[in-house]
Amino acid sequence: MSNGNQKPGMFVPALIGGAVAGALSGLPFINCLCCIWIIGGAMLASYLLSKDSPVDLSAGDGAIIGVLTGIIATVVRLFVNLLPFHAYYREFLQKLTERLAEYTEEMPPGWEAWLEKEGGGSIFMFMSGLMITAMFFAALGALGGIIGVSLFGKKKSQATQGVSNASENSGDRQS
């Protein structure tokens, strides 16, 4: 039983937006803009959702697709970080620490040992970081989804267009 006013599925747009945002936020050096990537990915997802929707989308719809996008972006970012760039990023952190050690008289105790263990490589730290990232990305995604729906989610109905055309025509007669 299908209704003509049914909203399209959110998973595919969220998957596309999350994949783009997660990949960009996981790449070294451009990942410093991860907040913008997540918001932009959620806006992309809300655009793709609104494109296929025959009805107006609400701010709640934007928040839902944004949260989905943020969670998917977290997973994609995890895979991007674990795969080819992990060794490169670790080497970069080691060189950065060596440079900092040259310019500072005293590093905090245990700092070098922490970096040698890959930044506190315990499973607890890994899972905690993953959960914090997921919550942060979901919140940014909700914001981006709401912004995206406000920009792209309103459909112009025939009645609205007729009213605006009538008001434009009446303004022309008064001139």
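Within segment 44-57, is there a residue that is assigned to a helix (DSSP H, G or I), closer than 21 Å to Ile132 by Cα, within 13 Å of the chain's Cα centre (by Cα) and of a type outside the set (Ser, Thr, Tyr)?
The answer is no; no qualifying residue exists.
Across segment 58-84, what is the number of residues that are closer than 18 Å to Gly145 by Cα, crowded, with 23+ Cβ neighbours inside 10 Å and not β-branched (Val, Ile, Thr)?
Residues flagged as closer than 18 Å to Gly145 by Cα, crowded, with 23+ Cβ neighbours inside 10 Å and not β-branched (Val, Ile, Thr) within segment 58-84 amount to 5.
Take segment 37-70 and flag every residue that is of a type in the set (A, V, I, L, M) and without any contact (Cβ under 8 Å) to a residue 24 or more places away in the chain.
Across segment 37-70, there are no qualifying residues.
In segment 115-151, which residues are at pLDDT 90 or above and of a type outside the set (Gly, Ala, Ser)?
Hits for segment 115-151 are Met131, Ile132, Thr133, Met135, Phe136, Phe137, Leu140, Leu143, Ile146, Ile147, Val149, Leu151.
The values are calculated or read from the model by the stated rules, or taken from the named source; none is laboratory data. Since the model is a prediction, treat every value here as computed from it, not as a measurement. So basically every Cβ, Gly included, is an ideal-geometry build from the backbone, and we count neighbours across all protein chains shown.
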